[in-house]
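One structure below.
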Amino acid sequence: MTDQAGGSTSTNFLPDSLKGHEAKVAYVAIITLGVLLSFVWSGATRWPQEWVLPLEGWITDGINWLKREAHIFGVQVKDITRAIGATLKLPIKWAEYLLFRGMKPLGLGPLPWVAVTAGVALLGHWIGGIRLAMLCLLSFLYLSFFHLWKDSMQTMAVVLVAVPLAALIGLGLGIWVTRSKRAAKIISPIFDLMQATPHMAYLAPVAAFFAAGPVTALIATVVFAMPPMARCTILGLQTVPSDILESGKMSGCTQRQLLWKVALPSAKRTLMLGLNQVVMQTLAMVVIASIAGQPGLGHKLLYSLQQLRIGLAIEQGIAITLLAIVLDRLTQGFAYREVDHFAATKSFLQRNWHWIAFIAILIVSYVAAEYFREVKILARKQTFSFAREMNDGIREFNKIAYPFLNPFKEWMTTYVLLNIRDFFLWLPWPVFVGTVALAAWRLGKAPVLWLCLALMASFIVTGFWVETMQTTYLVLISGIFCVLIGVPIGIWCSRSERVANITMSVCDTLQTFPSFIYLIPAIMLFNVSIFSNVIAIIPYATVPAIRYTYLGLKGISPVTIEAAKMNGATPSQSLWKVELPIAVPEIMLGINQTIMMALAMTAITALIGSTDLGQEVVRAISTQNYGRGILCGFFIAALGIIADRLIQAWASERKKQLGFNE
Amino acid sequence: MTITKLMATSAIVGASMLTASFAYAEAPESDDPIIIVQNNWTSQLVLSHVVGKVLEAKGYTVEFAPSDSQLQFASIASGDMHFQVEAWEGSMKSAFEKAVADDGMVDAGSHSAVTREEWWIPDYVLETCPGAEEWEGLNKCADQFATAETAPKGRFVGPPADWGKNYADRVNALEMNFQAINVGQAATLWAELQSAYDQKKPIVLFNWTPNFIESKFKGRFVNFPEPEPACFEDASWGPNPNATGDCGATHGGWLKKAAWKGLADKYPVAWGVMQKIDFSNAQIAAAALLVDVDGMEAEEAADKWIADNADVVASWSN
């Protein structure tokens, strides 16, 4: 591999850093050589078939061997994984008994909806007063009166187990990483893998080891929802001001006390962002989980879409979003709840009326449910639906909007998207590898260089170069749009509290409202096309760009801004010269997340119809070609890791230039 | 000779075992639930509820587990799910055969119902392209179906890539002026159809029968040369003397039932019922119609269907 040789020798004979014009010369040289090479050697555009490493087959065989024959200390591996699965299933089972199965041996039905709704509303009141209570009450009434109760409870059963599990594991791993340099080295890339590998890639093998059903859904959910918690824990603990830790030490805290009583509480803001992400991601996984055998809203939603009942799917999607918002507000509210300083002066009844009321309602509703079925669950005739009207509305909108939007799509496709795609497909791999390697070396020296080279080599020698480029260009285009839209909105939010409140609710909705639903109207308007794929990625992947920009700007201490003002900075100077540079680490974390989300979404766009790695992942499921699925999933993640390392390296370089010390 | 002998012996042994199990085994043989797979289209949902109710009437505990139509076979093969009432030749053949070959899933027999999948056009297409019912006629107005991405070729909206169909090959073999675009999932096909239908835009897409499209959209299949084995072996067969595969899809694709291999031992009575279960095209259409047109829920529809077809159901469980 000529370019790799070129890249690595350059470390020897070139000076420690290249000056601007030298770098330009190097880039031009790499590109010219690569293009010339592609004229004389066709292998530079498409890796020769006979050189392809049959890694795909090895992985498939390996997994089949693990599944059928592998033993550890005489116990079959599959039996071990099944036992773990059975353990994980216990808490889910209990949640299921409570929420929708009922306890047959005791002769008790599931919790009546009246009791659950009242309970959640009371909890809301206890945590956040009347406003939160109303939110909880209305949301759960919606579930009941739109005939979504049973499906919602089936979904809740897994969510109630997944959220705490993901949060605890994430917190634990996060703390571990901040304690141990070695852990950081191993775990951080694993997080990238977990988040960026599309779920479809590992659903099939996980299902093989843990049995399809709620447990597989739980594992897939936790894998996806846990990394943000861990990342936020790391970020939170690393950014605890040293004087706080110092004062903790001075007052004689032990290591443990320092962590639990000082560091974690002062990192609470970031930790709670992590928890928010766990809740959102968990609910975002509901639909994917149904592919792995989880009954509930996700399954019903896919069915509705399959029958082209978009209105019904929207009602089910709203239910998922409402569950997410209620859970999020309850947990966030609980964390920031004010301590009741007058508790001691109140009577027992005043202090505990929430509990007493709940138990009373519970008993009454159980008894009433024996006589009135409506108390247990509403029959369909007693519920509403505006599905038909929404369906007609969407069709009408489509009829009116199509003549206007379609020319725009055709224009974008012909002049922008197709050109960029053709460029990436034409690109000989030595050019791509060479330029990325040079950039990696300039920004991050040897470690980044070697990592990037290894990852790029992986998709070239296994023969997936073309598919990888399809994904690269799709993510690149979408990512640029996301950043262009997301960062300005984030800045706007940081200027106005009101805008921020509205935007954050919209973000929650975008993240949890299943993307499958707006895929269908998007297809109606834009057909199966590249444009639809880009449109499908943008809403979901823009969210982190907005959120982290806002958080980064919000987190700047008022003293700094005040100092800028005192020095005579105009608001725009303050933003560009002071606030944005300080917020760069967090904005970069956001862009990093945007790229990860866009990559994760390529598996969803495969459901529209595409020809990239995401499509390969989906296709591998039908043939049980575990190797192909995992490899293509890994390549998607590899792209994310390359982008991440380059961005991180650039960011730290930039910070050095600005005079921040890490 | 030995083979026929072996087959005869095993048939006799098998039959005697079957009768033995019927004579001695008492349903339910186990309280463990029988897990029936549910997919996300109407007929499958109603039919799986029908099967569930028949087994429940025998005293079994039945549970339903949703699954992806491709992922499900691996789950059946490993015994995590037990029975699938609708396995389609068109979309699931490769995954089905893989799971049977890997040993773990068994073919529980075919339904009387046959399936067909083919290129399909809405009727209004015939106004602008009068010969479109036949593939040659359709090919003559290929340009009506072109878009920015496929021009100057016509655009054929094909099935999901993982359904194991290769329409690009057929287009080449018949030298048609079309490009096949694969969608990601069936819902995408319907979204394309709905959008085109509302605007009376020309569209040709992949469709199959029986499904709910017949009750909502007016249209027809495009006729291709009827397939024969020779079509795929002998290049000189068919319209193109230089290519194999220059024909359409069969009009009588199979619709099978799939079951976990261990089922026969664990629940012999249920296994006997499952083998006898048999739906015809008309029965499937009637079951789907109860949901798609009458607006019932799958479970209600199953009750209604069982009531309407009591004799059929009785013949399975005896």
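Couple of notes before you dig in:
- Charge dipole of segment A:465-662 about the Cα centre (unit charges at C-beta), most positive-ward option of A:594, A:532, A:472: A:594
- Volume per residue that the Cα convex hull of segment A:182-304 spans, once the total is divided by residue count, Å³: 126
- Surface/4 estimate of mean projected area, convex hull on alpha-carbon atoms of segment B:182-267, nm²: 9.5
- Segment B:116-220: relative contact order in percent, alpha carbon pairs under 8 Å with at least 6 residues between: 39
- Within segment B:243-287, backbone nitrogen closer than 17 Å to the virtual label 7 Å beyond the Cα of residue B:97 toward Cβ: B:245, B:249-258
- For segment B:116-220, the convex hull spanned by the alpha carbon atoms encloses 98 Å³ per residue.
- Principal-axis analysis of the Cα atoms of chain A puts helix A:530-554 at an angle of about 80° to the longest axis.
- Charge dipole (the protein assembly as shown, unit charges on Cβ, about Cα centre) - positive-most of B:46, B:193, A:647: A:647
- Cβ neighbours within 10 Å from other chains - mean over B:59-69: 5
- Helix A:515-526 axis, angle to chain A major axis (alpha carbon atoms, nearest 10°): 60
- Charge tally for residue B:236 (other residues, Cβ to Cβ under 15 Å; Lys, Arg +1; Asp, Glu -1): -4.
- Counted by Cβ distance under 13 Å from residue A:626, the other residues give a net charge of +1, where Lys and Arg count +1 and Asp and Glu count -1.
- Applying a threshold of 18 Å to the alpha-carbon distances of B:165/B:261; A:24/A:655; B:58/B:276; B:165/B:218; B:153/B:201; A:150/A:300 flags B:165/B:261; A:24/A:655; B:165/B:218 as lying beyond it.
- Take every pair of alpha-carbon atoms less than 8 Å apart whose residues are at least six positions apart; their mean separation over the length of segment A:465-662 yields a relative contact order of 27 percent.
- When +1 charges are put on Lys and Arg Cβ atoms and -1 charges on Asp and Glu Cβ atoms, the dipole computed for segment B:75-184 relative to its Cα centre reaches about 240 debye.
- Kirkwood Rh (inverse of mean 1/r, distinct Cα pairs), segment B:265-317, angstrom: 12.1
- Value of relative contact order over chain B, rounded to a whole percent, pairs C-alpha under 8 Å and six or more apart: 26
- Peptides A:572-580, B:181-189 ranked from most to least packed by the mean count of surrounding Cβ atoms within 10 Å: B:181-189, A:572-580.
- With the Kirkwood sum run over all distinct C-alpha pairs, segment A:465-662 has a hydrodynamic radius of 18.2 Å.
- Other residues whose C-beta falls under 13 angstrom from the C-beta of residue A:472 contribute a net charge of -1, scoring Lys and Arg +1 and Asp and Glu -1.
- Legend: Rg and Dmax of chain B, from Cα coordinates, 22.1, 69 Å.
- Per residue of peptide A:297-308, the mean number of Cβ atoms on other chains within 10 Å of the residue Cβ is 6.
- Placing a pseudo-label 7 Å from each Cα along the Cα-to-Cβ vector at residue A:68 and residue A:573 gives an inter-label distance of 7.4 nm.
- Selection from B:209, B:137, B:167, by position along the positive dipole direction of segment B:116-220 (Cβ): B:209
- Counting only the Cα atoms, segment B:17-134 fills a convex hull of 148 Å³ per residue.
- Size of segment A:495-555: Rg and Dmax of its alpha carbons, in Å, are 14.0, 43.
- If only the Cβ of Lys and Arg carry +1 and only the Cβ of Asp and Glu carry -1, the dipole of segment A:156-337 around its Cα centre is close to 460 debye.
- Residues within the reach of a label modelled at residue B:214 (point 7 angstrom out along Cα to beta-carbon, backbone nitrogen below 14 Å), restricted to segment B:268-311, are B:280-290, B:292-293.
- Each helix, a run of at least 4 DSSP H residues, gives -39500 (n - 2.57); summed and divided by the residues of chain A, these come to -26000 deg cm²/dmol at 222 nm.
- Computed from the alpha carbon positions, the gyration tensor of the protein assembly as shown leads to an equivalent ellipsoid with semi-axes of 46, 40, 29 Å, biggest first.
- Given +1 at the Cβ of Lys and Arg, -1 at the Cβ of Asp and Glu and no other charges, the dipole of chain A around its Cα centre is 1240 debye to the nearest 20.
- Modelled FRET efficiency - R0 41 Å, residue A:257 with residue A:77, Cβ distances, 0.05 increments: 0.50
- Spin-label model, residue A:384 to residue A:414: label points 7 Å out along the Cα-to-beta-carbon direction sit 4.7 nm apart.
Every number here is computed from the coordinates shown, using simple stated rules; none is lab data. The shown structure was predicted, so the numbers you read here are calculated from the model rather than taken from an experiment. As a convention, Cβ positions derive from the backbone with ideal geometry for all residues, glycine included, and neighbour counts pool all protein chains shown.
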